[in-house]
Amino acid sequence: MHVTSEQHLDDGVLERGFTLGEIPGILWTPGSASPSAPVPLILLGHPPLGLHRMYPRLVGRARAAAADGFAAATIELPGSGDRPRWAAVEQARADLRRAMEAGEPVGDEIVDALVLPLVEKAVPEWQAALDALLALPEIGGPVGYSGGVISIGTRLAAVEPRISAAVLFAGSLVPRAMFEEARRVTVPLHVLLQWDDEGNDRQAALDLFDAFGSEEKTLQANMGGHTGVPQFAGEAAARFLTRHLS
């Protein structure tokens with residue numbers, strides 16, 4: 001992991017840009033973090049819109065995590081931001097837009113082509129980032145995951161034993177293959193669902209929640225569209241992670 005930038009935010013949070021091979025990322029640590037007092041880590045998932053575009057929301061979530069005593073980190077997803085374009089996924093996005101503009105149902109082949117390659121590539125990259133982050137003396141675990149794409153979070157929670165708890169955002173299309181993977185997830189889960197999310201298949205989100213194998217799982221459904229997550233819902237998710245990672 002190569003640190004490319006470093007700055008202290010006005011609340012004492014240390015923000016470091018880094019690269020892991022070709023993958024850009026950002027790490028935020030609270031002022032209390034040190035080799036003698038390592039802190040738990042929250043991995044901040046996000047949609048494939050690019051770190052620059054997502055930064056205002058990510059830094060807000062990171063600062064809230066730091067206030068609770070956690071480090072937070074994120075990485076650029078494949079095909080996003082300054083990373084090379086991904087022709088197959090670009091085509092799937094175009095097919096998705098075309099179907100939605102025409103008012104046609106989004107078929108399984110479009111969902112699979114859009115989401116499954118992203119999951120296959122992104123999850124090992126998250127695991128490599130986790131290796132590098134946990135090697136830092138000021139980060140000691142446990143580790144939580146928070147955010148979307150929900151299929152990435154599902155796969156990561158199923159295969160990565162260092163993830164102790166996860167907050168998943170039900171706001172993206174879900175391939176049918178992910179339902180079987182969801183049954184292998186056993187960590188505590190808190191799932192956020194916007195009931196009127198125009199880009200989300202609500203029934204698929206409910207079915208995915210039902211499929212999760214976790215003994216402790218909570219679904220918090222709120223009225224409103226994709227970007228209308230109420231503040232109290234975010235606060236409930238933060239309390240969930242604090243309870244499981246502190």
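The values are calculated or read from the model by the stated rules, or taken from the named source; none is laboratory data. Since we're looking at a predicted model, the values are computed, not measured. Cβ: placed from backbone, ideal geometry, glycine included. Neighbour counts: every protein chain shown. Please note that ligands, DNA and RNA were not included when accessible areas were found on the heavy atoms of the full protein model with its side chains. Shrake-Rupley method; radii C 1.70, N 1.55, O 1.52, S 1.80 Å.
May I ask you to list the residues in the range 126-136 that are more than 14 Å from Trp28 (Cα to Cα) and not in a helix (DSSP H, G or I)? Within the range 126-136, Ala135 is the sole residue that qualifies. Against the list (1) over 15 Å from the mean Cα position of the chain (by Cα); (2) among the hydrophobic types (A, V, I, L, M, F, W, C); (3) part of a loop (DSSP other than H, G, I, E, B), the condition Ile110 fails is (3). Among residues of the range 17-40 being more than 19 Å from the chain's Cα centre (by Cα) and crowded, with 17+ Cβ neighbours inside 10 Å, the one that is farthest from Ala62 (Cα to Cα) is Pro38.
Candidates in the range 98-107 are the residues that are closer than 18 Å to Pro175 by Cβ and in a helix (DSSP H, G or I); of these, the one that is least open to solvent (accessible area, probe 1.4 Å) is Ala99. When you check Ala129 against the structure, is it touching a strand residue (DSSP E or B) at 6+ places or on another chain (Cβ under 6 Å) and either of a type in the set (A, V, I, L, M) or open to solvent by 40 Å² or more (accessible area, probe 1.4 Å) (or both), yes or no? Criteria met by Ala129. Candidates are the residues of the range 165-200 that are more than 21 Å from Leu96 (Cα to Cα) and in contact with a His (Cβ under 6 Å, 6 or more places away or on another chain); the one that is most open to solvent (accessible area, probe 1.4 Å) is Pro188. With respect to (1) under 30 Å from Thr186 (Cβ atoms); (2) out of contact with any Leu (no Cβ under 6 Å at 6 or more places or on another chain); (3) open to solvent by less than 20 Å² (accessible area, probe 1.4 Å); (4) not hydrophobic (A, V, I, L, M, F, W, C), the lone exception for Arg83 is condition (1). The single condition among (1) of a type outside the set (Lys, Arg); (2) open to solvent by 20 Å² or more (accessible area, probe 1.4 Å); (3) assigned to a loop (DSSP other than H, G, I, E, B) that Glu90 does not satisfy is (3). In the set (1) of a type outside the set (Asp, Glu); (2) modelled with pLDDT under 85; (3) out of contact with any strand residue (DSSP E or B) (no Cβ under 9 Å at 6 or more places or on another chain), the condition left unmet by Arg202 is number (3). Among the residues making up the range 69-127, those that are on the phi > 0 side of the Ramachandran plot, modelled with pLDDT of 80 or more and out of contact with any His (no Cβ under 9 Å at 6 or more places or on another chain) are Gly69, Gly79.
The set of residues in the range 41-80 being open to solvent by less than 60 Å² (accessible area, probe 1.4 Å), more than 17 Å from Glu22 (Cβ to Cβ) and either assigned to a helix (DSSP H, G or I) or acidic (Asp, Glu) (or both) consists of Met54, Leu58, Val59, Gly60, Ala62, Ala64, Ala65, Ala66. For the range 4-12, the condition holds for no residue, the condition being that it is within 23 Å of the chain's Cα centre (by Cα) and surrounded by 17 or more Cβ atoms within 10 Å (Cβ to Cβ).
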